[in-house]
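Heads up, the thing below is written out as structure tokens.
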Amino acid sequence: MGNVILIGFMGAGKTTVGFRLSYRLRKPVIDTDKEIERAEQRSIAEIFAAEGEEYFRDSETRCLNRLLEHTSNQIISVGGGLPLREENRKLLHTLGQVIYLRATAETIYERVKHDTARPLLQGDNPLAKIRTMLAARESCYQDAADIVIDVDGKDFEQILCEIEKEIA
Ligand code: S3P
């Protein structure tokens, strides 16, 4: 379907890379978190608080199925936990080329340490939490990915150049 899909842990840069790639490739960009917030008329934090994580994960699968009906030649950035479901990984492959923005726990921590909008990273010792979650998720990200881009220590310009080379 010709889409370029960005996956990776929270704070890996999916949303920013998505916007910049959209500008450079002159293709529209979609973000699954934003789509879900719009469909639900409430924030991700509110959805987690009121309905719990499983409900949110179901919303992600519904969102992917909607995208499959009408989305081609676009940039799609997806929530960090969306590739955890095998069903979602299959849907991602059908949608297009999947790019995993891979970052270490330390890089992620530096980017999200002041963030209150991500319910899964709140609480004591977020760095330890990031390390544990990242280790548990890595195989899912690898499994979903067609292309892996390491983002540590790189600015957005470098990351975009690497992506453009890979998808050319
Ligand atoms: C989540 C990542 C978030 C959002 C939700 C859950 C996760 O998206 O979908 O808070 O489980 O990793 P970002 O990766 O865009 O922060």
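Among ALA45, SER22, ALA12, flag the residue with its Cα farthest along the positive direction of the charge dipole of the range 11-56, charges on Cβ as +1 for Lys/Arg and -1 for Asp/Glu.
SER22
Given the options ASP58, ASP115, ASP124, state which has the largest fluctuation in a GNM of the chain using a 10 Å cut-off (strictly under) for Cα springs.
So, out of ASP58, ASP115, ASP124, the one fluctuating most is ASP124.
What's the extension gain from ASP143 to GLU53 if we count 0.36 nm per residue and subtract their Cα-Cα distance?
Taking ASP143 through GLU53 to full extension adds about 30.2 nm, to one decimal.
Which residue, THR116, THR104, THR15, has the most motion in a Gaussian network model of the chain that connects Cα atoms within less than 10 Å?
Comparing THR116, THR104, THR15 in the GNM, the peak value goes to THR116.
Could you work out the relative contact order of the range 11-168, using alpha carbon pairs under 8 angstrom and six or more residues apart, expressed as a whole percent?
Averaging sequence separation for qualifying contacts and normalising by length gives 29 percent for the range 11-168.
Rank these by accessible area, largest first, 1.4 Å probe: CYS161, CYS63, CYS140.
CYS161, CYS140, CYS63
Could you order LYS14, LYS129 so the one with the most accessible surface comes first? Probe is 1.4 Å.
So the residues, ranked largest to smallest area, are LYS129, LYS14.
Of all trypsin sites (Lys or Arg not before Pro) in the range 28-73, which ones are in loop regions per DSSP and have a Cβ with at most 13 other Cβ atoms within 10 Å?
Sites meeting the loop and neighbour criteria: none at all.
Need one word for the chain: rounded, prolate or oblate. Basis is the Cα gyration tensor (sqrt eigenvalues a ≥ b ≥ c); a/c below 1.5 gives rounded, then a/b vs b/c decides.
Oblate.
Report ³J(HN,Hα) in whole Hz for each residue of the range 105-115, in order, from the Karplus equation J = 6.51 cos²θ - 1.76 cosθ + 1.60 where θ = phi - 60°; Gly and Pro get x.
4, 5, 4, 4, 4, 4, 7, 10, 4, 9, 8
Beyond 21 Å between alpha-carbons counts as too far, so tell me which of LYS113/LYS165; LYS113/LYS154; LYS90/LYS113; LYS27/LYS165; LYS34/LYS165; LYS90/LYS154 fall in that bin.
LYS113/LYS165; LYS90/LYS113; LYS34/LYS165; LYS90/LYS154
Counting only protein heavy atoms and using a 1.4 Å probe, what share of the accessible area of the range 8-99 belongs to carbon plus sulfur, as a whole percent?
48
Collect residues whose amide H, placed 1.01 Å from N in the peptide plane, falls under 5 Å from the amide H of VAL148; neighbours closer than 5 in sequence don't count.
Excluding prolines and chain starts, which carry no amide H, the hits are TYR100.
Over the range 44-113, what is the relative contact order in percent, taking alpha-carbon pairs closer than 8 angstrom and at least six residues apart?
Result for the range 44-113 is 28 percent.
I'd like the Karplus ³J(HN,Hα) series for the range 126-134: coefficients 6.51, -1.76, 1.60, θ = phi - 60°, whole numbers in Hz, and an x wherever there's a Gly or Pro.
x, 4, 5, 5, 4, 4, 5, 5, 5
Which of ALA144, ALA50, ALA117 moves most in a GNM of the chain, Cα contacts under 10 Å?
Comparing ALA144, ALA50, ALA117 in the GNM, the peak value goes to ALA50.
Which one, ILE99, MET133, ALA117, projects farthest toward the positive side of the charge dipole computed for the range 92-151 from Cβ point charges (K/R +1, D/E -1)?
Value: ALA117.
Report ³J(HN,Hα) in whole Hz for each residue of the range 57-73, in order, from the Karplus equation J = 6.51 cos²θ - 1.76 cosθ + 1.60 where θ = phi - 60°; Gly and Pro get x.
Using θ = phi - 60°, the values come out as 5, 5, 5, 5, 5, 4, 4, 4, 5, 5, 4, 4, 6, 8, 10, 9, 6 Hz.
To the nearest 20 debye, what charge dipole does the range 16-151 have about its Cα centre, counting +1 at the Cβ of each Lys and Arg and -1 at the Cβ of each Asp and Glu?
With Lys and Arg at +1 and Asp and Glu at -1, about 500 debye.
If you put +1 on each Lys and Arg Cβ and -1 on each Asp and Glu Cβ, how big is the dipole of the range 89-168 around its Cα centre, in Debye rounded to 20?
420
The values are calculated or read from the model by the stated rules, or taken from the named source; none is laboratory data. Predicted model, so just to flag it, every value in this text is computed and none were measured. Note: ideal-geometry Cβ built from the backbone for every residue, glycine included; neighbour counts use all protein chains shown. The protein model used for the area step is the full one, side chains on, heavy atoms only, and it has no ligands, DNA or RNA in it. Shrake-Rupley method; radii C 1.70, N 1.55, O 1.52, S 1.80 Å.
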